[in-house]
Number of protein chains: 4
Amino acid sequence: MRAAVIHGPHDLRVEQRDEPTMGSGQVKVRVAAGGICGSDLHYYLHGGFGAVRLKEPMILGHEIAGTVVEIGTNVPDVQVGQKVAVNPSLPCGTCRYCQQGLQNQCLDMRFYGSAMRMPHVQGGFCDLLACEATQAVVVPDHVSLHEAAFAEPLAVCLHAVRRAGSLLGARVLVAGAGPIGVLTIAAARLAGAAEIVATDILDPPLAIARTMGADRTINVASEPDALSPYKAHKGSFDVMFEAAGGASTVLAGLELVRARGILVQVGQGAEVSLPMSLLVAKEIDLRGSFRFHKEFAMAAAAIAKRQIDVRPLLTDVVGLDQAGRAFELAADKSRSMKVHLQFT
Amino acid sequence: MRAAVIHGPHDLRVEQRDEPTMGSGQVKVRVAAGGICGSDLHYYLHGGFGAVRLKEPMILGHEIAGTVVEIGTNVPDVQVGQKVAVNPSLPCGTCRYCQQGLQNQCLDMRFYGSAMRMPHVQGGFCDLLACEATQAVVVPDHVSLHEAAFAEPLAVCLHAVRRAGSLLGARVLVAGAGPIGVLTIAAARLAGAAEIVATDILDPPLAIARTMGADRTINVASEPDALSPYKAHKGSFDVMFEAAGGASTVLAGLELVRARGILVQVGQGAEVSLPMSLLVAKEIDLRGSFRFHKEFAMAAAAIAKRQIDVRPLLTDVVGLDQAGRAFELAADKSRSMKVHLQFT
Amino acid sequence: MRAAVIHGPHDLRVEQRDEPTMGSGQVKVRVAAGGICGSDLHYYLHGGFGAVRLKEPMILGHEIAGTVVEIGTNVPDVQVGQKVAVNPSLPCGTCRYCQQGLQNQCLDMRFYGSAMRMPHVQGGFCDLLACEATQAVVVPDHVSLHEAAFAEPLAVCLHAVRRAGSLLGARVLVAGAGPIGVLTIAAARLAGAAEIVATDILDPPLAIARTMGADRTINVASEPDALSPYKAHKGSFDVMFEAAGGASTVLAGLELVRARGILVQVGQGAEVSLPMSLLVAKEIDLRGSFRFHKEFAMAAAAIAKRQIDVRPLLTDVVGLDQAGRAFELAADKSRSMKVHLQFT
Amino acid sequence: MRAAVIHGPHDLRVEQRDEPTMGSGQVKVRVAAGGICGSDLHYYLHGGFGAVRLKEPMILGHEIAGTVVEIGTNVPDVQVGQKVAVNPSLPCGTCRYCQQGLQNQCLDMRFYGSAMRMPHVQGGFCDLLACEATQAVVVPDHVSLHEAAFAEPLAVCLHAVRRAGSLLGARVLVAGAGPIGVLTIAAARLAGAAEIVATDILDPPLAIARTMGADRTINVASEPDALSPYKAHKGSFDVMFEAAGGASTVLAGLELVRARGILVQVGQGAEVSLPMSLLVAKEIDLRGSFRFHKEFAMAAAAIAKRQIDVRPLLTDVVGLDQAGRAFELAADKSRSMKVHLQFT
């Protein structure tokens, strides 16, 4: 079978690998669609991010959907031929975080296509994947596998929204209109936010932001002062989601969020020179949000019911054999929102 | 009557002022004890802090206790001769924050001895004070007025503890063993923390930290590696209170607090170059805590019942006429924990 | 002007009253639409409910919308001719509950058309109403005044949903498909519930329940066992809203809600013989929900944006002069969901 | 070895049983002290409670402490000779509740001395016990094994307190001054309650209630009106713990707890004819509390540090061979608070 393997910066190769073998409790999935995520891009462009660096060749990919082609022993609930979104997260279930229900903080996490541990955990950009049956979340036939492959990034955003508590009736600011930003908009809308303002420095993603539910979009490059009125009376937004990864965005957020407001950092985030005195005076709550757990099934269900329609995000579909071109496309934010590899 | 008036950096004068007049709903208090707080010191040493600068002469002081000497009309619950701790905080009661029960974030706050608004709100370092009866919290006779004057800084710390949610059974780190740090230790103990570790760079305050309830104290200047074992398994502390105002303390906290842990910044805090990626990966919750509201009455009650015994903090008592010497003493952290002015 | 005045059980009279005079901060509203609520019906059918009994003639009505016809002094934000939903709730703003942000629990509440206090607070079923400008929530012109009159019952349901915390991704049961039940369905959908099951003993309201967002409806009279599978594994629903007012519904709920689940009682509720041992063993959280405060503005906004389309609820519109017939219609649950009085 | 085996109502026999064999990860404990709990008494007096009925002979007992006498393979952290409190709760770790951190709601729970499942889970009233090493919580030598045996009932009470959220500064009512009531008082004190009122219908337990931290005790049999003033202004207590198991206590609680207050039912509770309209109007939160999970270690630690001194509760110690007499003593509430069996 084929696999998209990263060997180093700009060295992505489509290679032949042995087909995976299956164990008890597992299923084999023929992968159909794979979304290129920001972390995939970091491996491709820079060989890693922060302290996470590539130390050996690794199959990339963790936004995966496909069709079940084989079922192992002790798998009661899945059938061959069913469409599945594949949850790339495999927590141990027994460490102190798992036993507290915080599986995304598992001390022994195995997450597809991640160089955090050694040997690296191989990813899902390959023709065939053997995974735990619990990782394969069935979606109905009317959902395309490209839609299903959005379950992973949507799960990240649903988790971020849940980190903020109830959004019902809230005024929300989403900074950054990349895939995580616009799916956070959709998730905040699903959660009942009353008003959503979205910002970015490019117009095309802001158009998609409006499609996904933003009430107002602001290009902070071309309208640098448009947010200022929201700073009045100690700030206007109950919750801000920072999905731009910028230091200046966080600093602006401290002024835009109301006193006792919540600022959720989604995605890796920058190094920020943070004035703690402002955070103190307004008693702001700055929260990190990382990956997801039960939100994966929530995301698959929301996509299946079209409570959230993810299709406006898919800007390009590229065959696996042209993986390099797909990654170059994905790197161009002015042109691409989400690029999918097509396997079959 | 006499008042301690700050005119500029190192220019503190004991001056004569007219006795205050009283309105309906007010009481007149003969001030007996006044604690020198960090913000008083900032006015004395630097003429202000951050964006808050002295623009006209101002009576300092907001840690005040005394005896009621006169009662206005429409004051049913106070008697002449009663001891009171004076709450220096006077929110408007009608703004959107007050109507949400967030009076400490009042948009029209009048807080004693603060240059935040113009004209400045005069403070309580004076012989006689006319205040709203609701600001005068009666304490029983067996409590000294020096103890009662600790109600204000203790209220700050009870508020900080409440910002962290329930501490029952929690492992807590308190960084910084100044007055706010050691009262936070006492407040965390009162709230049922299972284990409290306190840090500072000086030994004398750490001795008081132990008296106030720390299970273990660490001088991070002389034992720089003693905290390292607490970093294992994504961190050990459920909650950290940063009361040192240091950037390095916050950064260390990100590693010492467990995943999903809470880091409460009490006091003004430094400018911190914060790696958001770590805050994200561990999903840490960084919360500011500012002043107090209903915690003032809680603090007075805890002192009155000696649930918290504040007496170990009082290192010096200096007559008002020597106010300058009192401030110099208060500025020497190696020698003084809390310095009180004595009025009568 | 005309007013619909209740004098005793089944004694509702349309009478002439003096036009109201206005004070500072008030506006005068020409009432156009008035919804008949369950409590209005109780006054009409029984002269009250529980301990609340009619002791003098009272204008009924608290689901009111109309057009501003006159503006008092000190009212900056409203214009003559604007459409408004009228908030029937007027808390004092200063009692201990108001100052905690719990205005719906105000100790000195004035709520339109309520016999809780003496003299009774007159209601809004009259041609002209003078109210505080803060009670008049402007809605855009494209919204009909019949829609706007749903702001009040929708506010009750948004409050109930907020009492349950975040519903994002939750499995929800709504028992009872009267106006409160079906608006709770809509509110739970708005809040991101993943699955909503609704029950009633009549089919017509269940049809409206489906329109308002229920995924599945069950007629528990004709399908008495259909809920049983939801009892497996200590129960299936994260949250149940009891809007049927039945004792048996609450008892069934204890088995249908999962361990640590939440059961919110909306509406007055019955006397229930509650087995505390089951509530204990499953650690169920049984919460009362009463009226609303800031949810009124949220409701008006959700109606204005058609985030919730309330129009399927309006089964009858009857002119004020036939108020008695309107009440008889409203009392027939098999036929009517919501009956509106028409004033102009 | 000996064991106290219940065969039916009033048929408790001290019998010889085979010594337990040990598996990997287990330790063998020589039991020294065993507290008689209310559920033990129910089996003894009535053969069970509610739906839980004795169907085969069962060793009673789940408040157990002893000394480690043998250590199995793969047990790194325990030594022979150490004193341990034995956690009688053994959740499966893998069911949906366990994986949410709600282990006390485990769908496959094995709890010592419980007839909930068939075959029954044998209890700890026996000379030797083989348990998972994780169940054996080490306590320091200075703690007596009788104190250590209080870890279980104290864990129940710490769990109940945690169900109420933060109690710091709260006004608390504890109804019922049996062992659970008075340990709840101690737990609420530990959690920083500002004021604790305790009620019972007998004076001797109220004396112990005061020792354990109640500020005021009321004998509601001899002073039936003493609680009435607390009903003013919609109620006075932020939180009430119902540990009396009485219907009238719950009903009184609805009036004594403030609006939006919390009423936690600890212990099995009675059948209560509950007026939902009052629960609704005051928006009371009625919560069940059942057993414990991580609170067991918290309890053992609080006893070890004497943050809570449990010794005033121990009214009788009776040798195992006189187990029947011990149970008769325990059944006499006017005379006994907690009766311990002594094994060695």
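The values are calculated or read from the model by the stated rules, or taken from the named source; none is laboratory data. All of these numbers come straight from a predicted model, not from anything done at the bench. As a convention, Cβ positions derive from the backbone with ideal geometry for all residues, glycine included, and neighbour counts pool all protein chains shown. When the accessible area is computed, the model is the full protein with side chains, heavy atoms only, and any ligands, DNA or RNA have been set aside. Shrake-Rupley method; radii C 1.70, N 1.55, O 1.52, S 1.80 Å.
Just how far, in whole angstrom, is region D:34-52 from region A:246-272 if you go by their alpha carbon centroids?
Their Cα centres are 56 Å away from one another.
How high is the relative contact order of region D:75-202, in percent, counting Cα pairs under 8 Å that sit 6 or more residues apart?
21
So what's the Cα pair-distance distribution over chain D, bin width 10 Å, in %?
That works out to 6, 25, 34, 24, 9, 2, 0, in percent per bin.
Report, in debye and to the nearest 20, how large the dipole of the protein assembly as shown comes out about its Cα centre when Lys and Arg carry +1 and Asp and Glu carry -1 on their Cβ.
With only Lys, Arg, Asp and Glu charged at Cβ, the dipole is about 0 debye.
Please figure out what share of the DSSP beta bridges in region C:113-243 is antiparallel and state it in percent, rounded to the nearest 5.
Just about 5 percent of them are antiparallel.
Hey, got the average number of other protein chain Cβ atoms within 10 angstrom for residues in C:182-195?
The mean count of partner-chain Cβ atoms within 10 Å per residue comes to 4.
Using only alpha-carbon positions, what ratio does the radius of gyration of region C:78-215 give when scaled by 2.2 N^0.38 Å?
Computed over Cα atoms of region C:78-215, the ratio equals 1.21.
Any idea how far the Cα center of region D:273-313 sits from the one of region D:100-145, in Å?
That distance is 20 Å.
Hey, which lysines would be in cross-link range of A:LYS333, C-alpha to C-alpha under 18 Å, not counting anything within fewer than 8 residues on its own chain?
Correct list for A:LYS333: empty, as no lysines qualify.
Setting aside same-chain residues fewer than 8 positions from B:LYS234, which lysines have a Cα under 22 Å from its Cα?
The qualifying lysines are A:LYS294, B:LYS282, D:LYS294.
Given a 10 angstrom Cα cut-off, can you work out which residue in A:GLY72, A:GLY38, A:GLY50 is the most mobile in a GNM of chain A?
Of A:GLY72, A:GLY38, A:GLY50, the most mobile in the Gaussian network model is A:GLY50.
More than 17 angstrom separation, counting every C-alpha pair in region D:1-135; what % is that?
60
Under the convention of a label 7 Å out along Cα→Cβ, give the distances in nm from D:PHE49 to the same position in every other copy, shortest first.
3.6, 5.4, 5.4
Sorted by average packing, counted as other Cβ atoms within 10 angstrom per residue and highest first, what order do D:263-269, A:7-13 take?
Going from most to least packed, we get D:263-269, A:7-13.
Per residue of C:162-174, count partner chain C-beta atoms within 10 Å of its C-beta, then hand back the mean as an integer.
For this peptide, the per-residue mean of nearby foreign Cβ atoms is 4.
At 1.4 Å probe size, with every protein chain present, just tell me what the per residue accessible area of chain A comes to in Å².
In whole numbers, chain A has 35 Å² accessible per residue.
Find, to one decimal place in angstroms, the Kirkwood hydrodynamic radius of region B:251-315, where the mean of 1/r is taken over every pair of different Cα atoms and then inverted.
For region B:251-315, the Kirkwood estimate is 14.6 Å.
Other chains near D:285-296: what is the mean number of their Cβ atoms within 10 Å of each residue's Cβ?
The shielding value for this peptide is 5.
Before anything else, pin down the relative contact order of chain D: Cα pairs under 8 Å, at least 6 apart, normalised by residue count, whole percent.
Rounded, it is 18 percent for chain D.
Can you tell me the relative contact order of region D:195-255? Whole percent, Cα pairs under 8 Å, sequence separation 6 or more.
26
Assuming a ≥ b ≥ c are the square roots of the Cα gyration tensor eigenvalues, decide whether the protein assembly as shown counts as rounded (a/c under 1.5), prolate (otherwise, with a/b larger than b/c) or oblate.
Cα axes put the protein assembly as shown in the rounded bin.
How do the peptides C:197-204, C:110-117 rank, highest first, by the average count of neighbouring beta carbon atoms within 10 Å per residue?
C:197-204, C:110-117
For chain C, what is the calculated [θ] at 222 nm in deg cm²/dmol (nearest 500), taking -39500 (n - 2.57) for each run of four or more DSSP H residues and dividing by its residue count?
-6500 deg cm²/dmol
Based on alpha-carbon positions alone, could you give the equivalent ellipsoid semi-axes of region B:61-105 from the gyration tensor, as √(5λ), descending, whole Å?
26, 15, 7
Farthest toward the dipole's positive end in chain D, which of D:PRO119, D:LEU183, D:VAL86, given Cβ charges of +1 (Lys, Arg) and -1 (Asp, Glu) about the Cα centre?
D:LEU183
Specify which residue in the list C:ILE303, C:LEU341, C:PHE327 is farthest towards the positive end of the charge dipole of region C:289-344, using unit charges on the beta carbon of Lys, Arg (+1) and Asp, Glu (-1), about the Cα centre.
Selected residue: C:ILE303.
Over chain D, with a Gaussian network built from C-alpha contacts below 10 Å, which listed residue (D:GLU195, D:GLU70, D:GLU271) shows the highest mean-square fluctuation?
Fluctuation is largest for D:GLU271.
Antiparallel DSSP bridges in the protein assembly as shown: what percent, to the nearest 5?
The antiparallel fraction comes to roughly 60 percent.
For region B:154-266, just list the percent of Cα-Cα distances falling in each 5 Å bin from zero outward, please.
Calculated P(r), rounded to whole percents: 2, 14, 27, 28, 20, 7, 1.
Just to confirm the numbers: A:CYS92, label point 7 angstrom along the Cα-Cβ line, distances to the other copies in nm, shortest first?
2.2, 5.5, 5.8
Suppose R0 equals 22 Å; then what is the FRET efficiency for A:GLN307 and A:VAL138 from their Cβ-Cβ distance, rounded to the nearest 0.05?
0.80
If the cut-off is a Cα-Cα distance under 17 Å, which lysines reach D:LYS28, setting aside same-chain residues fewer than 8 apart in sequence?
D:LYS83
Among the DSSP beta bridges whose two residues both lie in chain A, what percent are antiparallel, rounded to the nearest 5?
In chain A, DSSP labels about 60 percent of beta bridges as antiparallel.
In chain C, which helices (entire DSSP H runs) extend 15 Å or more along their own long axis, judged by Cα positions, while averaging at least 1.0 on the Kyte-Doolittle scale?
Taking the DSSP H segments of chain C (at least 15 Å long, mean hydropathy at least 1.0), we get C:179-190.
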